[in-house]
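Since the structure comes first, as structure tokens, the remarks are kept for the end.
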Amino acid sequence: MNSAIDEALELGSLVSIVFTGGEPLLKMHDVKQTIGYAHQHRLWTRIVTNSFWATTPDVALRTLGDLKLAGLCEINLSCDDLHQEHIPLERVRNAFHAAEKLDLPTLIAHKQVKNGKITPESIADFLGVELTEYKEGEENPTTNLYSSSLTVPVGHGANPIDPDDDIIYPSSEPAWSAPCSGILSSIIISPAKEVRICCGMIDQRVPELTVGSLDEQTLAEIVCQANTDLIANWLALEGPYGIMSFIREKEPQIDFQKRYVNHCHLCNDLFTRAEVRAAISQHAHQKIAAISLQRGMLEALRFKGEMVDKV
């Protein structure tokens, strides 16, 4: 991963690195080494973990102490009904209080399900602290924070989930009809050195997510390739909803759900269904001109803005 950091730094916009998964601390040694290298370059780092490793208070303190010494800046602890089917709550508490002792900024990451027993309030009671909800774009405290969002039923973990019994849906369509702001906004690198166009909650086996391999190309080449990719630009400009609307027009016999949790949920539905993939493959070329024009206009506006700023 050190070479990937070097290549990303050469692109000129790298300021932070987030280790997420899956479970990143299954690769504890590699993560710690990479955090140390990032710290040498004054990069901000965060880990999102399920706390499986925090078997005792002492183990949690030693583990987080080593990571903080390497340069870790923040830790997020996943805690909710789904995660706690496999991870005892006590391990989250061990990790939380270890971070507290180390003065390591911490956030509890919670997912909502219908009739959930583990809530932000119950977590706060269990930890013996008062938790404050994280507010995007506002000034937040550095610790005792939580975020709570809807569960998106995609990937391997969705198999035991009943969408009708477990999933909470938003009350309005805009939650999943907007363009995808996550596409091409970050560089996502898998343990296998695959570079992906987003870190959204979508089945990582979807081939359109992967735009190259660092074993075969430089990061600069892959990023350039991704920025000219039709699917990536389509998702960024019109979102999964725009693709669904296009498919409905071309193949009206293909049914879609009446509602989705968010645009990641819809995107996953688009790219994991054989009949939808076939329709996209057959008709997508018809969108090349329109998407290219939209992207070109945005680039022109951005260039104009940069010129104004320089004056």
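Summary table below
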| read-out | value |
| --- | --- |
| On Cα atoms only, tilt of 230-250 relative to the major axis of the chain in degrees | 60 |
| Shape category assigned to the chain from the gyration tensor of Cα positions, a/c cut at 1.5 | oblate |
| Sequence-separation-based contact order of the stretch 2-150, relative, with Cα cut under 8 Å and 6+ spacing, percent | 19 |
| Gyration tensor verdict on the stretch 161-244 (Cα atoms; rounded if a/c is under 1.5, prolate if a/b is larger than b/c, oblate otherwise) | oblate |
| GNM result for the chain, Cα springs below 10 Å: residue of GLU136, GLU238, GLU74 fluctuating most strongly | GLU136 |
| 14 Å beta-carbon shell around LEU293, net charge (K/R +1, D/E -1) | 0 |
| Counted charge near CYS73, where neighbours are those whose Cβ lies closer than 14 Å (Asp, Glu -1; Lys, Arg +1) | +2 |
| Net charge contributed by nearby residues that have their C-beta within less than 14 Å of THR55 (K/R +1, D/E -1) | +1 |
| Dipole moment magnitude, nearest 20 debye, the chain about Cα centre, only Lys, Arg, Asp, Glu C-beta charged | 360 |
| The stretch 205-223-the stretch 104-169 distance, computed between alpha-carbon centres (Å) | 32 |
| Residue with peak Gaussian network fluctuation, the chain [Cα springs, cutoff 10 Å], from HIS265, HIS41, HIS110 | HIS41 |
| On Cα atoms only, tilt of 89-101 relative to the major axis of the chain in degrees | 80 |
| Antiparallel %, DSSP beta bridges [both residues in the chain], to 5 | 20 |
| Between helix 28-40 and the chain: long-axis angle, C-alpha atoms, 0 to 90°, nearest 10 | 80 |
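Here, each number is a calculation from the coordinates, and none is a lab measurement. Worth saying up front: this structure is predicted, and the values here are computed from it rather than measured. Every residue, glycine among them, receives a Cβ derived from its backbone with ideal geometry; neighbour counts consider all protein chains shown.
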